[in-house]
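Undergrad: I'd like to ask some things about the structure below.
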Amino acid sequence: MGKLFHYGLTSGKIPWKLSFLSLLILLASFTIGYVLGGQLSEPLIEILRKLYGETFNLPLPLLTILIFANNFAKSFVAMLLGIILGIPPLLFIFANGLILGIIGYAIVRDYGIWFFLAGILPHGVLEIPAVILSVALGVKLGLAVLGKFKHREVSVKETLLSCIRSYLFVVLPLLAIAAFVESHITPLILRLAS
């Protein structure tokens with residue numbers, strides 16, 4: 001696994017500056033969501049309950065697969081949609097930060113900051129960097145397309161293949177481990193925190 005991870009980091013040329021930009025957008029949108037949480041948390045939580053209410057009653061292996069498939073599909077599609085000048089991945093990370101901030105507000109208000117952190121950090125230390133990297137890869141792809149429009153020497157095909165390699169060797173394993181942690185370990189930590 002270590003060799004695969006290293007291969008993804010070296011051969012795919014991870015866009016560190018774009019990852020930092022993605023992190024800044026995530027933090028800014030989280031802050032906006034948290035500030036707006038007082039007005040928006042109840043309607044959003046109700047929508048999420050209707051969408052995902054029964055999900056957490058699934059057997060753990062199925063829940064793990066569902067969490068992984070959801071995170072994989074959304075982050076991979078967001079990365080691929082980066083071909084549209086890098087805009088969709090940035091909207092994806094902004095929306096995720098906003099939702100996390102709104103829900104975070106309600107959790108902190110009702111249960112406290114430690115409960116919120118206990119519910120986010122165990123799997124978030126893997127999932128958040130994975131999502132940030134998938135967004136950065138999507139923006140990298142969009143910049144390649146933009147470079148092509150400006151008649152620069154850039155291969156969109158090579159950039160796409162590089163992004164897919166990085167996704168498969170770095171993002172995908174992080175999402176898989178994060179899904180296991182989210183379904184098996186995070187609930188145990190939340191029980192201890194409550």
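Undergrad: Where does helix 113-149 land angle-wise versus the long Cα axis of the chain, in degrees 0 to 90, nearest 10?
TA: Around 20 degrees separate the two axes.
Undergrad: For the chain, what is the number of Lys pairs with C-alpha distance below 13 angstrom, counting only pairs 8 or more positions apart or on separate chains?
TA: Step by step, the pairs that qualify in the chain add up to 5.
Undergrad: Using a 1.4 angstrom probe on heavy atoms only, work out the carbon and sulfur share of the accessible area of region 14-154 in %.
TA: With neighbouring chains kept in place, the figure for region 14-154 is 76 percent.
Undergrad: Next up: Got a sec? Charge dipole of region 64-194, +1 on Cβ for Lys and Arg, -1 for Asp and Glu; which of S194, I132, L81 is way out at the positive end?
TA: Final value for the positive-end residue is L81.
Undergrad: Next question. Once each part is reduced to its C-alpha centroid, what is the distance from region 140-155 to region 15-45 in angstrom?
TA: Taking the Cα centre of region 15-45 as reference, the centre of region 140-155 is 28 Å away.
Undergrad: So what's the angle, to the nearest 10 degrees on a 0 to 90 scale, between helix 16-52 and the longest Cα principal axis of the chain?
TA: Between helix and principal axis, roughly 40 degrees.
Undergrad: Return the equivalent ellipsoid semi-axes of region 88-194 as a descending list in whole Å, where each equals the square root of 5 times an eigenvalue of the C-alpha gyration tensor. Don't skip to the end; give the middle numbers.
TA: On the way: eigenvalues 249, 55, 8 Å².
They are 35, 17, 6 Å, listed largest first.
Undergrad: So what's the angle, to the nearest 10 degrees on a 0 to 90 scale, between helix 87-111 and the longest Cα principal axis of the chain?
TA: 20 degrees
Undergrad: Can you give me the accessible area per residue for the chain, using a 1.4 Å probe, in Å²?
TA: Normalised by residue count, the accessible surface of the chain is 57 Å².
Undergrad: In a Debye calculation with equal point scatterers on the alpha-carbon sites of region 6-83 and no solvent, what is log10 I(q)/I(0) at q = 0.13, 0.19, 0.22, 0.24 Å⁻¹?
TA: -0.70, -1.13, -1.15, -1.15
Undergrad: Further, regarding this structure: In what order, largest first, do W114, W16 sit by accessible area if the probe radius is 1.4 Å?
TA: Descending order: W114, W16.
Undergrad: Here is a further query. With a ≥ b ≥ c taken as the square roots of the eigenvalues of the C-alpha gyration tensor of region 14-138, please select rounded if a/c is under 1.5 and otherwise prolate if a/b is larger than b/c or oblate if it is not?
TA: Oblate, since a/c reaches 1.5 and b/c is not below a/b.
Undergrad: Related question: Which whole-number percent gives the relative contact order of the chain, counting Cα pairs below 8 Å spaced six or more residues apart?
TA: Values: 265 pairs, mean separation 70.8, N = 194.
Value for the chain: 36 percent.
Undergrad: Tally Lys/Arg at +1 and Asp/Glu at -1 over every other residue whose Cβ is under 13 Å from the Cβ of A179; what's the total? Before the final figure, lay out each step's value.
TA: Working: positive: K74; negative: E127, E182.
Once positives and negatives cancel, what remains is -1.
The values are calculated or read from the model by the stated rules, or taken from the named source; none is laboratory data. Note that the structure is a prediction, hence the values are computed from the model and not measured. As a convention, Cβ positions derive from the backbone with ideal geometry for all residues, glycine included, and neighbour counts pool all protein chains shown. These area figures cover heavy atoms from the full protein model, side chains too; ligands, DNA and RNA do not enter into them. Shrake-Rupley method; radii C 1.70, N 1.55, O 1.52, S 1.80 Å.
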